[in-house]
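Presented below is the structure to which this report refers.
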Amino acid sequence: MLYDKKSHEIDLVENNFKFDPAKLRNTLLYILEKCGGKPNLGETVLYKLLYFIDFDYFEMNGRPITGLNYVNRQFGPVPAIKEYSGVIEEMQSASQLIIFVQEYYSLKQKRYVALTNYEEESLSIKEIKIIDSVINRL
């Protein structure tokens, strides 16, 4: 992963990593299946989980799971909006996901609810182990 100070993005394309919308979709659905009911699991926590999942998998296997680009922000990395929001919009259109806003400790929290399960054959055992590890750790 390359860090570009100018754009504050970690560029996975230059390392021949392709963004995989299906992996992102199924990783999100898997995360929501495992811990979507937890009260603190808002959009910000999802961003952090995705980052650490990709980072940990990259460290162990030389490539990320989703291939998402991440942008450096004041409170930590977030997925590049263009890639991420395209998949989220598709999931909402296909009735795989709904998003609503609720109050959490007097702040607005964007919550995701999966309306379908992840495709089991889409994530390998190795990928699921990393995802579970990150979920359990964080």
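The values are calculated or read from the model by the stated rules, or taken from the named source; none is laboratory data. Here the structure is a predicted model, which means the values were calculated and not measured. Note: ideal-geometry Cβ built from the backbone for every residue, glycine included; neighbour counts use all protein chains shown. Remember, those area values only see protein heavy atoms, side chains included, never the ligands or the DNA or RNA. Shrake-Rupley method; radii C 1.70, N 1.55, O 1.52, S 1.80 Å.
Worth a mention:
- Protection proxy ranking for 86-93, 64-71, using the average of other Cβ atoms within 10 Å per residue and placing the highest first: 64-71, 86-93.
- Residue-averaged 222 nm ellipticity for the chain, from DSSP H runs of 4+ at -39500 (n - 2.57), nearest 500: -14000 deg cm²/dmol
- For a modelled paramagnetic label at F75, 7 Å from Cα along Cα-to-Cβ, the residues of the range 39-69 in reach, with backbone nitrogen under 15 Å, are 40-49.
- Length gained when the stretch A22-K110 is fully extended (0.36 nm per residue, less Cα-Cα span): 29.5 nm
- To put it simply, the accessible area of the range 11-90 at a 1.4 Å probe is 53 percent carbon and sulfur.
- Calculated FRET efficiency for the pair E120/S93, C-beta based, R₀ 30 Å, to 0.05: 0.85
- Excluding ligands, DNA and RNA, the accessible surface per residue across the chain is 59 Å² with a 1.4 Å probe.
- Among (1) 13.8, 38; (2) 14.5, 43; (3) 16.1, 51, the entry derived from the coordinates for Rg and Dmax of the Cα atoms in Å: (2)
- Solvent-accessible surface (1.4 angstrom probe) belonging to S95, in square angstrom, nearest 10: 80
- Calculated FRET value between M60 and E103, using beta carbons and R₀ = 35 Å, to 0.05: 0.35
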